[in-house]
1. Taking helices (runs of 4 or more DSSP H) that do not extend beyond the range A:31-133, which have at least 3 residues that are not assigned by TED's automatic domain parsing to the domain that holds residue A:148?
2. Could you tell me which numbered condition residue D:316 fails, if it satisfies all but one of (1) crowded, with 19+ Cβ neighbours inside 10 Å; (2) out of contact with any Lys or Arg (no Cβ under 6 Å at 6 or more places or on another chain); (3) without any contact (Cβ under 8 Å) to a residue 24 or more places away in the chain?
3. Taking the stated definitions as given, is residue A:28 exposed (fewer than 11 other Cβ atoms within 10 Å of the Cβ) and within 11 Å of chain D (Cβ to nearest Cβ)?
4. Among D:350, D:255, which is the only one that is under 24 Å from the mean Cα position of the chain (by Cα), polar (S, T, N, Q), modelled with pLDDT under 95 and under 21 Å from residue A:48 (Cβ atoms)?
5. Can you tell me which residue among D:57, D:31, D:103 is under 17 Å from the mean Cα position of the chain (by Cα) and either touching a residue at least 24 places away in the same chain (Cβ under 8 Å) or closer than 25 Å to residue D:294 by Cα (or both)?
6. Select from the range A:58-91 the residues that are of a type in the set (A, V, I, L, M, F, W, C) and within 8 Å of the chain's Cα centre (by Cα) and list them in ascending order.
7. Do we find that residue B:51 is more than 12 Å from chain D (Cβ to nearest Cβ) and either out of contact with any helix residue (DSSP H, G or I) (no Cβ under 7 Å at 6 or more places or on another chain) or more than 17 Å from residue D:316 (Cα to Cα) (or both) in this structure?
Amino acid sequence: MESPTSTTSRIVIAAVAVAALWAGLAYDVSRPADARRYQRTLVQAAESAHDAAQTAALVGELELAGKVTGLFATAAFDDAAKGLAGAEQKSASQGPPDSASAARRDELGPLLNAAVTALGDTTEADDDNRLRDGVGRLKDVAARLDDFAEGMR
Amino acid sequence: MLIGFDLLDRQILDRDGEPVGKVDDVELTYDADGAARVTALLLGQEVLGDRIGGVLGRCIAGTARRLSGASDRPPQRISMDLVAEITGAITLSVKRELLPDPPLETWLRDHLIARIPGADHES
Amino acid sequence: MNPEPGTIRASRILGQPVHDSDGRPLGNVADLITETASDGSEHVISAYVVKRPWGRLLGYERDQTTGPRLLEILARRILRRNATVVPFTDLETN
Amino acid sequence: MKRFFAIALGVLTAIGGFVDIGDIVANGEAGARFGITHAWVLLLGVFGICAYAEMSGRVSAVSGRPVFDLVRERLGPRVALANLTGSLLVTVLTLGAELGGVGLALQLATSVNYLLWVPVVAFVLWAALWRAKFTVLENVFGLTGLVLIVFVIAFFRLHADTGGLWHQATHPGPPHGEDWGTYWFFAVALFASALTPYEVFFFSSGAVEERWNSRDLITSRVNVFVGFPLGGLLAFAIMLTSATVFHPLSTSVDSLSQVALPAALALGKLGLAAAILGFFAATFGAAMETGLSAGYTVAQYFGWNWGKLRRPREAARFHTVVLVSIVVGVAVLLTTIDPIQLTEYTLVFSAVALPLTYLPILVIANDRDYLGDRVNGRFANALGMIYLLIVAIAAVAAIPLMIVTRMGGG
């Protein structure tokens, strides 16, 4: 069997390795955002907002065509709302590191707001006209979000 | 026969093929002249814990001892005389009912499983 | 190994280091080999000693297991290269 | 009809591997983001699980020994305990995720939040595992899960751009806007979900529950070679429809409702209903598979009585493990962790458990003491060796990929 000293030293080495990894991770998570990282976060937020808006538009279209049940549409709009909320949270999770980043953020903010109101109106729509209108606005804002993300890549 | 390979960690079945347990350790007996014979199979989580060793092994063994009620109770022992056949599994020549019940099974049956409706039903 | 009559668990012997009479290490006990005596009991006759930390035998020591080639070579030639069989009565506790 | 039901075990096992809640969404997401450039991974996975499920079914039918029995016997108590820990973590976390998945499927049908369904689903699952016959369970949920075939029909009704899809399938790699790290993360995740450790545990233990013997080798093989390709086909159909509908819109998929949309688009309310029923049965089937597997592995490691063929009071330890696993699964879910993400974490533990499960299967499948003249042929051995290596590589690659790509988040 191995001697107790080698076991102890192995435990110490393992503990040091784990501590180093943990410290590295802590540094990585807590270091202030540089401009590239911040803009990447904005792109991700725009992309998930785009996905949510696009999906909600699709669900709305299917509802107009009578291809989904009302209960399913409610559940699917809920999922889209969750996606939008996640995107908003992401874009607000860090402060912009410089003025260029701040300008980008100010560009994204209204788009996210437009998506949220369009989704809200679509979800609440009680007749086909308002539903059609909501779907149109969702598609429009999805396209603008896509342009935003493409423009920053 | 190889003790480690053919006996240890093999499944023990009674004469009807019902599971009895695993061979968690093997008991050897020394004669006066220093020769050793295989005399019994040892079963139970406390035996297994002793064999695994280390902190984890002590945990397993300690928990098993606490559950069995008496910490100094000897482990379940199946004499080699009761072994009928050694193949992929070890088959005994007796029925399981003749062997002592494993303490954990008894405890869980009496305190939990048997109290739930339908425990006696064949499903 | 134990001169006094009595019982011992096999796991106390398995894995123990073995040295030759000059004190050179031979390896660790990987398994114990028994033979059936005339009265039907199994007598321990020798110990299978290998120079590898992982003492477990996969089963390639026997002729019943063959293939896949790669595993067989790994198990027979590399993991068990320095295997020796030591008569059980030659083992002494230290 | 009896013949038809005879393949239920293979179908149910495959559903638990290929189209459990995590994989339904992962296949949808892969299709939406990468098109069907991951098609080869599913094919690779189907061959691998077929090879090992066939071996474990054969060993269990001929020798009556289920897989975890063999794991401890060949690898010893310590290594087997490491495997048991890894496997149990995979199994119980997946069980939790599936309970959430059943809830999500019910949410699509009722728009009642899935968390409210979880305790109900958990109780029904426990009651089913406590009282219902094994064959009833596998027939009902294995075969209802096949309703997911609706995605195959939906694909044909969508009139997809088959030329473009063929181009994706034959040109593996990330499309514009995605990177190789994320591509490989999805490849490893989809591969690992095809070869989960609990599939072989469940299949071999099911073989013992159904009292297969060496006369049932044909049944075992039919189960394997029909069940797993069918499971793979369902997963592929989900990837295909998602690639057809969402990939051109460059829209990613991360929820169950999105995965169902192509079925509604192609087939209307009926298609949607079939998709939701399929999700329900597949996730419930996977929950059953993982719940029972947790009991099987622990009981087989310690040599306890196990199985549904005994009265619960004669297998008290086994039923206690099943009960505790369900409770733990519910507890994990009620932390409001996303059930779909939960299955992604199991990748780490699969990495430990898989090689240590497949190695003893491969060794025993070559042991004449167990199998007589039914040991592996050259082909099975070659496949077994290749997949053992692939699994080992995937195991090493999984964790760094998870960290670098932030679980595929990019």
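1. Passing ranges: none, list empty.
2. (2)
3. Details: exposed (fewer than 11 other Cβ atoms within 10 Å of the Cβ): yes; within 11 Å of chain D (Cβ to nearest Cβ): yes.
Yes; evaluated as a whole, the condition is true for this residue.
4. Values: D:350 fails: under 21 Å from residue A:48 (Cβ atoms).
The unique qualifying residue is D:255.
5. Unique residue meeting the criteria: D:57.
6. Listed by number, the residues that qualify are A:84, A:85, A:87.
7. For residue B:51, the condition - more than 12 Å from chain D (Cβ to nearest Cβ) and either out of contact with any helix residue (DSSP H, G or I) (no Cβ under 7 Å at 6 or more places or on another chain) or more than 17 Å from residue D:316 (Cα to Cα) (or both) - is not met.
Results for (1) part of a loop (DSSP other than H, G, I, E, B); (2) more than 8 Å from every other protein chain (Cβ to nearest Cβ); (3) aliphatic (A, V, I, L, M), shown as yes or no for each residue.
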{"site": "D:242", "(1), (2), (3)": "no, yes, no"}
{"site": "D:249", "(1), (2), (3)": "yes, no, yes"}
{"site": "D:253", "(1), (2), (3)": "yes, no, yes"}
{"site": "D:263", "(1), (2), (3)": "no, yes, yes"}
{"site": "D:279", "(1), (2), (3)": "no, yes, no"}
{"site": "D:283", "(1), (2), (3)": "no, yes, no"}
{"site": "D:294", "(1), (2), (3)": "no, yes, yes"}
{"site": "D:313", "(1), (2), (3)": "no, no, no"}
{"site": "D:321", "(1), (2), (3)": "no, yes, yes"}
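The values are calculated or read from the model by the stated rules, or taken from the named source; none is laboratory data. In this text the structure is predicted, and so the values were computed from the model without any measurement. Counting neighbours? That spans all protein chains shown, and the Cβs are built from the backbone with ideal geometry, glycine included.
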